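Reading through the structure tokens given below for one structure.
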There are 2 protein chains.
Amino acid sequence: MAMKLYFSSSSPFVRKVRIAAIELGLDDRIELIPTAVVPGKPNADYAREANPLRRVPALTTESGQVLYDSTVICEYLDDRAGGGRLIPQDRERRWQVLTSHALAQGMCESAVLLRYETWLRPEAQRWSVWIDDQWDKIDSGLKWFEEHEQVLREPIDLGQIALGVLLGYLDFRSPDKDWRQDAPKVAAWYGTFCERPSLRETEPANPPS
Amino acid sequence: MAMKLYFSSSSPFVRKVRIAAIELGLDDRIELIPTAVVPGKPNADYAREANPLRRVPALTTESGQVLYDSTVICEYLDDRAGGGRLIPQDRERRWQVLTSHALAQGMCESAVLLRYETWLRPEAQRWSVWIDDQWDKIDSGLKWFEEHEQVLREPIDLGQIALGVLLGYLDFRSPDKDWRQDAPKVAAWYGTFCERPSLRETEPANPPS
């Protein structure tokens, strides 16, 4: 029995797990289960069988254990692949990678909140202060990575994957956002990073409607 | 030099770290730095010195490394205290605790989004579909814990701490929400759990204005 990954082709958090699985050589043991989760359209089957929060991804292991969120799944896969490959075991590096991962993950959460605010929410109920605040978090995070480019050096780690996923999501959902101009070092890094097979095979797409 | 924890007395995520520190016997090595973070009122000093996302908590270690988010800090403290005390090292239990932690954490994120939606956001821009959706996630999560009460057995772990923090936050911000009626087993567990000194010493409060 294969592992099962509850999957949406547009979710940056699912993409993070898929990239990790490919980088770890585990992707051929994972079956993708297309799963629709949209705020306001509760998917009760998914909430009952997998994740009560109705968020993707969730992973069912070969022994039937259900795991989430994306970070827990990545840690599980890294451990399955021997440990220390995407999340270092050396303590100081471990905390650094987990913290830069938390930063990129938080930027990604802001990007998804922006998507909900500017696409799902009725126009009359949108709030510009909230929109500006989420963009400010993304911009501050980009600035941090621009000033700490040493965290983008090889080898690949979970923080870099989360940042790559965030940047791919910005290009996917906010193509007018000219983030490359303000973060040229990050842009140069991403230009190479996004050529990895794991990123090319998982480019974001709208799910079939 | 002590560790420094960027702190707000109303944040459930800060409270999770404080409870973990007390349970691990590390609280007397942590200095609390009061920090105001409100969406729409960017705290540029905090963004520059600690967390570009302007979220609390962040922790500065004795060696000056800055760590976030709350989960990374809890893992760091658990490791400092010898490891495996709040996050088990045995694999199957580890993934179970991290997943029930992710559930309680996600419920807490919904509770904070509700606070922003129903208190910070101007009334005309509030959206009932969003409010109902966040409550549905919290209710689904409570139902899951009610049906999986075995995860609430001793010894204390990070998932239990996150659930206790969520329930305390509901009582603090939404005292009219009668969650105990729908989740009597969780309510019975919490009635005992919230008597622990670590919870009593960290009860949520509005920061001084």
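Read-outs throughout are calculated quantities, based only on the coordinates presented, and are distinct from any laboratory measurement. Fair warning: this is a prediction, and the values are worked out from it, not measured in the lab. Ideal geometry is used to build each Cβ from the backbone, glycine not excepted, and the neighbour counts take in all protein chains shown.
For the pair A:D132 and A:K177, a Förster radius of 22 Å applied to the C-beta separation gives a FRET efficiency near 0.95, rounded to the nearest 0.05.
The mean sequence separation of alpha-carbon pairs under 8 Å and at least six residues apart, normalised by the residue count of segment A:91-198, gives a relative contact order of 36 percent. For GluC sites (Glu not before Pro), the sites in segment A:137-209 that DSSP calls loop and that have at most 12 other Cβ atoms within 10 Å are A:E195, A:E201. Among A:E154, A:E31, A:E62, the largest mean-square fluctuation in a Gaussian network model of chain A, built with springs joining Cα atoms closer than 10 Å, belongs to A:E154. Rounded to whole numbers, the Karplus 3J(HN,Hα) couplings from phi for segment A:127-135 are 10, 5, 4, 5, 4, 4, 5, 5, 4 Hz, using 6.51 cos²θ - 1.76 cosθ + 1.60 with θ = phi - 60°, and x at Gly and Pro. Expressed in units of 2.2 N^0.38 Å, where N is the residue count, the Cα radius of gyration of segment B:91-198 is 1.11. Seen from all directions on average, the protein assembly as shown presents a Cα convex hull projection of 19.4 nm². Bridgeable lysines around A:K185 (alpha carbons under 26 Å apart, same-chain partners fewer than 8 residues away excluded): A:K16, A:K137, A:K143, A:K177.
Neighbour counts of other Cβ atoms within 10 Å put A:V186, B:V129 in the fewest-to-most order B:V129, A:V186.
With contacts taken as Cα pairs under 8 Å at a separation of at least 6 residues, chain A carries a relative contact order of 26 percent. For the peptides B:76-85, B:155-164, the ranking by packing is B:155-164, B:76-85, with the highest mean count of neighbouring Cβ atoms within 10 Å listed first.
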